[in-house]
Amino acid sequence: MILEAKLSPSRAADFQRCPLLFRLRVIDQLPTAPSAAAVRGTLVHSVLEHLYDLPIHERTEVTARDMVEPAWDLHLQRQPGDAVVVADGEREQWIANAQNLIGTYFQMEDPQRLQPAGREQFVQHTLPTGLSIRGFIDRLDVSPEGLVRIVDYKTGKSPNPRFENSNLFQMRFYALVLWRRDGTIPKQLKLLYLGDGRSVIDEPTSADLEAVEGRILNLWDQITEAVRSQTFEPAPSRLCDWCDFQPLCPAFGGEPPALPMVQLA
């Protein structure tokens, strides 16, 4: 396979967490079983995206809650395999949990006062080194004065501030893409944690984004070296408890498949 020079926040996070995890996801392209929490997150994101298709006066909490079940049925038409994540007899409670997350969103923002410039927007930019940085932004707001805000919905609870760096890296990654592409630094980065109703706001500086750019380029150098040396070592941590690839990990007595032939683009 050809490994193209492109990186998203999620793939960058994979390599930082564990080079073997990156390899199994990106190079071997092994599938992982969807979790109920992850699929619920996809569902909530879909509802919040399409909520803004409605006229302003129809963007109410009741309407949004009523959108959840039809959105799930539509999702199953497109991804029927995800039906297995909700056990028989648990659908009603699972839907209710998603609706409660929507309810929390309405405690945090008033969608009748917002008119996003973009939703689930794909953004990308190629750096002078040839590395393409890219990703999908949940919501992009632009004020009448032209100030840009990047908004990201998290359906879990907010982490301890000591562990906020990974999500902040993701947001600054998006901000870097927009800055390098458009020449303007986003004024605000806003994380909405629907699991507990907490918001985290960051106002990045050029120095912040230059530091992220340096980190991204360093990561890509590490990735290309791992490809050249054909070495993707596991990095055991507490996050291993939630990893689908434990049976293939030497840290847990497993053995990964033979590394496919891979070339750098």
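Could you tell me which of rounded, prolate or oblate describes the range 109-175, using a ≥ b ≥ c as the square roots of the eigenvalues of the alpha-carbon gyration tensor, with rounded for a/c under 1.5 and, failing that, prolate when a/b is larger than b/c and oblate otherwise?
Oblate shape, in that a/c is at least 1.5 and b/c is the bigger or equal ratio.
Could you put Arg134, Arg228, Arg23 in order, starting from the residue whose Cβ has the fewest other Cβ atoms within 10 Å?
Neighbour counts put them in this order, fewest first: Arg228, Arg134, Arg23.
Could you work out how far apart the two model spin labels at Gln93 and His125 are, taking each label as a point 7 Å from the Cα in the direction of the beta carbon, and quote it in nm?
Inter-label distance under the simple model: 4.7 nm.
Positive end of the charge dipole of the chain (Lys, Arg +1 and Asp, Glu -1 on Cβ, about the Cα centre): tell me which of Met108, Asn165, Gly254 has its Cα farthest that way.
Asn165
For semi-axes √(5λ) of the Cα gyration tensor in Å, the choices are (i) 32, 26, 16; (ii) 38, 20, 15; (iii) 38, 27, 18; which was calculated from the structure?
Given (i) 32, 26, 16; (ii) 38, 20, 15; (iii) 38, 27, 18, the calculated one carries the label (i).
What residue among Leu192, Leu21, Leu127 shows peak mean-square fluctuation when the chain is described by a Gaussian network model with Cα springs under 10 Å?
Greatest mean-square fluctuation among the candidates belongs to Leu127.
Let me check against my output: what whole-number percent is the relative contact order of the chain, with C-alpha pairs under 8 Å and at least 6 apart?
Once normalised by length, the contact order is 24 percent.
Please tell me the relative contact order of the range 102-200 in percent, rounded to the nearest whole number, where contacts are Cα pairs under 8 Å and at least six residues apart.
31
Could you list Val44, Val39, Val85 so that the one with the fewest beta carbons within 10 Å of its beta carbon is first and the one with the most is last?
With the sparsest Cβ surroundings first, the list reads Val85, Val39, Val44.
Based on Cβ point charges of +1 for Lys and Arg and -1 for Asp and Glu, what charge dipole magnitude is obtained for the range 36-112 about its Cα centre, in debye rounded to the nearest 20?
For this selection, approximately 140 debye.
Tell me which of His45, Val142, Ala175 sits at the most positive position along the dipole axis of the chain, charges placed on C-beta atoms (Lys, Arg +1; Asp, Glu -1).
Ala175
Charges at C-beta only: +1 for Lys and Arg, -1 for Asp and Glu. How large is the resulting dipole of the chain about its Cα centre, in Debye rounded to 20?
520
Taking the Cβ of each residue in Met1, Met67 as the centre, tally the other Cβ atoms inside 10 Å and list the residues starting with the fewest.
In increasing order of surrounding Cβ atoms, one gets Met1, Met67.
Mind checking which of Ile95, Thr63, Leu20 is farthest towards the positive end of the chain's charge dipole, using Cβ charges of +1 (Lys, Arg) and -1 (Asp, Glu) about the Cα centre?
Leu20
So how strong a dipole does the range 119-262 carry about its Cα centre when Lys and Arg Cβ are +1 and Asp and Glu Cβ are -1, to the nearest 20 debye?
Taking the Cα centre of the range 119-262 as origin, the dipole is about 260 debye.
Read-outs throughout are calculated quantities, based only on the coordinates presented, and are distinct from any laboratory measurement. Keep in mind the model is a prediction, meaning the values are calculated, not measured. For neighbour counting, all protein chains shown are included, and Cβ atoms are generated from backbone atoms with ideal geometry for every residue, glycine included.
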